[in-house]
Amino acid sequence: MPSERTRSNPPAPGLPASSEVIVSGIQPSGALHFGNYFGALRQHIQLHKTHEAWYFIVNYHTLTTLRDRDKLRRYTLDVALDYLALGFDPEAACLFAQSDVPEVTELAWIFNNLTTVSQLEKGVAYKDKVAQGLAPNAGLLTYPVLQAADILIYGGTLVPVGADQKQHIEMTRVLAERFNRTYCLEDDPVFPVPEPWILSDVAVVPGLDGRKMSKSYDNAIGIFEEGKALRKKVMGIVTDSTPLEAPKDPERDHVFTLIRLFADEETRTRITEAYRAGGYGYGHAKKELLRLVDEHFAEARLRRKDLARRPDDVLDVLREGGRKARERACEYMERVRERVGLITTYRDAP
Ligand code: TRP
């Protein structure tokens, strides 16, 4: 049953209008997993050749939780490797490190002053941390403001993200509107008001324990895990204790939920029928899932191994992407400063 769809989310296999400016960010907080892939990355790769697209690795955001310089650097490059391995073509769109566009923090500062603390305290990610009894830092509180700056500084109109990002995009929309209303004439706004692009059929990718797949639950399967390690994880996915001979309900099984993400229509139907017929055990399903995963990522794994031997080429991609992104961001910032009344003496005429 299709759950709610976001307004701009066209029915599959529809694509967004070609005029949309696609922007999205991904956290370099460790190995990317199936949840990241089906929630965001797959859509990023899918859209970047047909649309103007800006994808950034949000290392400033990751500072809210990571204080290890070596890890931050490594994870950032790893995400770039993952994108390239999964088919991102640097000739077609921009992939870059958020920190190559420091202007984004300037815009975030300006947005901070258009945001009330009480709005930020309603942030789900922030509330989560508070509920866990942690003392969140100020970066975590203003995280959504930086995210809004990320999106708006390139004039983004459509943001492909996982369902968990809905609130952040809503805050971005509020900020775009508030900035325009505060500083611009009605017929000459600086920022477009972006829409989220959320695929509802992949709203939740289950992890090994059946909860939402998440690095923080330690239940994730990495996109580039393979061999024994992958096998061990897949075989360890929790299932119920329905005996092998008994018919099973695929809709209530996490293994099947994962199978459905990887399988084509025909395979899906075949496995659904096998579940319902009985005599088909979770072990069979897990083997099928393994095969599907291996097949799906076979090419990407090879590409990644090859790229990993050429770190300079990966850095070149980020460098070139960062240069273009900064240029674009600076154009927006010039207008922003002018509207806000920030003097830039090195540019302003005497
Ligand atoms: N908050 C996003 C996440 O955790 C990452 C992110 C940062 C992002 N800036 C963004 C996503 C801008 C989309 C657009 O997944």
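What follows is calculated from the coordinates using simple rules that are stated; it is not laboratory data. All figures in this text were calculated on a predicted structure; none of them were measured in a lab. Positions of Cβ are generated from backbone atoms using ideal geometry, with glycine treated the same way; all protein chains shown enter the neighbour counts.
General observations
- Cut-off 12 Å between beta-carbons: net charge of the residues surrounding Pro192, Lys and Arg +1, Asp and Glu -1: -2
- Summing Lys and Arg as +1 and Asp and Glu as -1 over all other residues whose Cβ lies under 14 Å from the Cβ of Lys49 gives a net charge of -3.
- For the range 224-307: Kirkwood Rh in Å [reciprocal of mean 1/r, alpha carbons]: 13.5
- Here Glu245 and Asp68 are evaluated by their C-beta separation; at R0 = 45 Å the FRET efficiency comes out at 0.35.
- Average Cα contact separation per residue, the range 224-307, under 8 Å, 6 or more apart, as relative contact order %: 37
- Relative frequency of Cα-Cα separations exceeding 11 Å in the range 182-223, percent: 74
- Whether the range 7-94 is rounded, prolate or oblate, judged on the alpha carbon gyration tensor where a/c under 1.5 counts as rounded: prolate
- Shown for His44, His254: other C-beta atoms within 10 Å of each C-beta, ranked fewest to most, produce the order His254, His44.
- Acute angle (nearest 10 degrees) that the helix 311-340 long axis makes with the longest principal axis of the chain, alpha-carbon atoms: 40
- Amide proton proximity set for Lys212, modelled H, under 5 Å, gap of 5+: Gly207
- Sequence-distant aspartates and glutamates (8 or more away, or on other chains) whose Cα lies within less than 20 Å of Lys215: Asp68, Asp70, Asp78, Asp82, Asp128, Asp164, Glu225, Glu226
- The range 11-77: trypsin sites (Lys or Arg not before Pro) in DSSP loop, at most 16 other beta carbons within 10 Å: Lys49, Arg67
- Coil-residue trypsin sites (Lys or Arg not before Pro) of the range 104-202, DSSP, other Cβ within 10 Å capped at 13: Lys122
- At q = 0.08, 0.10 Å⁻¹, base-10 log of I(q)/I(0) for the chain (Debye sum, equal scatterers on each alpha carbon): -0.43, -0.66
- Inter-site label distance for Ala229 and Leu302 at 7 Å from Cα along Cβ, in nm: 2.2
- Too-long pairs where the Cα-Cα distance tops 18 Å, listed order kept, from Lys71/Lys129; Lys232/Lys287; Lys71/Lys228: Lys71/Lys129; Lys71/Lys228
- Secondary-structure-derived ellipticity at 222 nm for the chain, considering helices only, amounts to -15000 deg cm²/dmol, per-run term -39500 (n - 2.57) for DSSP H runs with n ≥ 4.
- Looking at the chain alone, DSSP beta bridges between its own residues are antiparallel in about 10 percent of cases.
- Those GluC sites (Glu not before Pro) in the range 4-103 that DSSP places in a loop and that have at most 10 other beta carbons within 10 Å: Glu4, Glu91
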